[in-house]
Amino acid sequence: IIYENHIREKYMNPIGVFGGTFDPIHYGHLRTAYEMLQALKFDEVRFMPCGKPPHRNEPRADSTVRLSMVTAAIQGQKGFIVDDREINREGPSYSVDTLKTLRTDFPLRSLGLIVGMDAFLGLPEWYQWREILELSHIVVAHRPGWRMPDMGPLDELLKERGTHRVDDLHQSKSGYIYIHEVTQLEISSTDIRTLVRSGRNPRFLTPASVTKIINDSKCYKNKLTN
Ligand code: ATP
């Protein structure tokens, strides 16, 4: 049965892995994941809130609140699932470790790590970053205001591993970098937190269910006034 499952898995569409702080999740994340799901023919996109982010400050909202915001936001969207493995793991959330555990769960499946352009530009600072492409593809979402590097290690990596063919992401289970233009929504979690701290409502930047959790949990400290 295990063998049969593996064979079946080999012919299934790729899994998109969307990691982030999601502090809070917003329509920039959701629209990006949705466009990737459709354009790249992913079987599913797994939203993976991080526990302790290694490259930045501690998130403002507790991991349980961030997890419940993600769960609420993706509710009802076919192909979107939440994966809490990073939140439940001790220590910093290194992508390479996360991908190793996914590889164990899905040995033959193509995996596509979804990152925004800003995150991709920081890749050479990630822990064991070169190993990531042994485990998955990297799918880069083009974000407002960011340009591709035209020199340095990322430029070299792109020349070596870049592809414009969606089929490459389906036919190999790892190793390619694919850049995909997504609808540019200039929304950031930082801006939402700032808004909320001043008592304003982030309505239409994030789903109403998320706004409700922000308000009820007071995770960004303020009760919304309007
Ligand atoms: P912050 O403002 O706290 O830095 P953020 O809005 O960038 O947060 P993250 O949770 O850090 O959100 O982002 C998770 C991933 O989503 C990253 O790869 C990031 O590049 C991407 N991302 C964030 N906002 C957008 C957006 N508006 N459009 C496309 N991708 C986005």
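The values are calculated or read from the model by the stated rules, or taken from the named source; none is laboratory data. Predicted model only: the values in this text are computed from it and were never measured. Methodologically, a virtual Cβ is constructed for each residue, glycine included, from the backbone with ideal geometry; neighbour enumeration extends over all protein chains shown. When the accessible area is computed, the model is the full protein with side chains, heavy atoms only, and any ligands, DNA or RNA have been set aside. Shrake-Rupley method; radii C 1.70, N 1.55, O 1.52, S 1.80 Å.
Please work out which residue is nearest to the ligand (Cβ to nearest atom), limiting yourself to the range 169-194 and to residues that are within 28 Å of F106 (Cα to Cα) and surrounded by fewer than 16 Cβ atoms within 10 Å (Cβ to Cβ). Ranking the qualifying residues of the range 169-194, first place goes to E181.
Inside the range 42-67, residues that are open to solvent by 50 Å² or more (accessible area, probe 1.4 Å), over 18 Å from A119 (Cβ atoms) and in contact with a helix residue (DSSP H, G or I) (Cβ under 7 Å, 6 or more places away or on another chain) make up a count of 1. Regarding the range 45-59, can at least one residue be identified that is at pLDDT below 95, within 14 Å of the ligand (Cβ to nearest atom) and more than 16 Å from the chain's Cα centre (by Cα)? Scanning the range 45-59, I find at least one residue that is at pLDDT below 95, within 14 Å of the ligand (Cβ to nearest atom) and more than 16 Å from the chain's Cα centre (by Cα), so the answer is yes.
The residues listed here are D97, D84, D118; of these, the one that is outside any loop (DSSP other than H, G, I, E, B), open to solvent by 40 Å² or more (accessible area, probe 1.4 Å), within 16 Å of the ligand (Cβ to nearest atom) and without any contact (Cβ under 8 Å) to a residue 40 or more places away in the chain is D118.
Count, please, the residues in the range 121-139 that happen to be among the charged types (D, E, K, R) and either part of a loop (DSSP other than H, G, I, E, B) or modelled with pLDDT of 95 or more (or both).
Of the range 121-139, the ones among the charged types (D, E, K, R) are 125, 130-131, 134.
With the extra rule that they be either part of a loop (DSSP other than H, G, I, E, B) or modelled with pLDDT of 95 or more (or both), the set shrinks to 131, 134.
Residues flagged as among the charged types (D, E, K, R) and either part of a loop (DSSP other than H, G, I, E, B) or modelled with pLDDT of 95 or more (or both) within the range 121-139 amount to 2.
When I87 is tested against (1) over 13 Å from the mean Cα position of the chain (by Cα); (2) of a type outside the set (F, W, Y); (3) closer than 21 Å to V139 by Cα, only condition (3) is not met. Counting just the residues of the range 121-155 that are of a type outside the set (A, V, I, L, M), open to solvent by less than 50 Å² (accessible area, probe 1.4 Å) and within 9 Å of the ligand (Cβ to nearest atom), which one comes out farthest from I179 (Cα to Cα)? Only one residue tops the list, namely P144. Against the condition open to solvent by less than 20 Å² (accessible area, probe 1.4 Å), in a helix (DSSP H, G or I) and within 13 Å of the ligand (Cβ to nearest atom), how does R31 come out, does it pass? The answer is no for R31.
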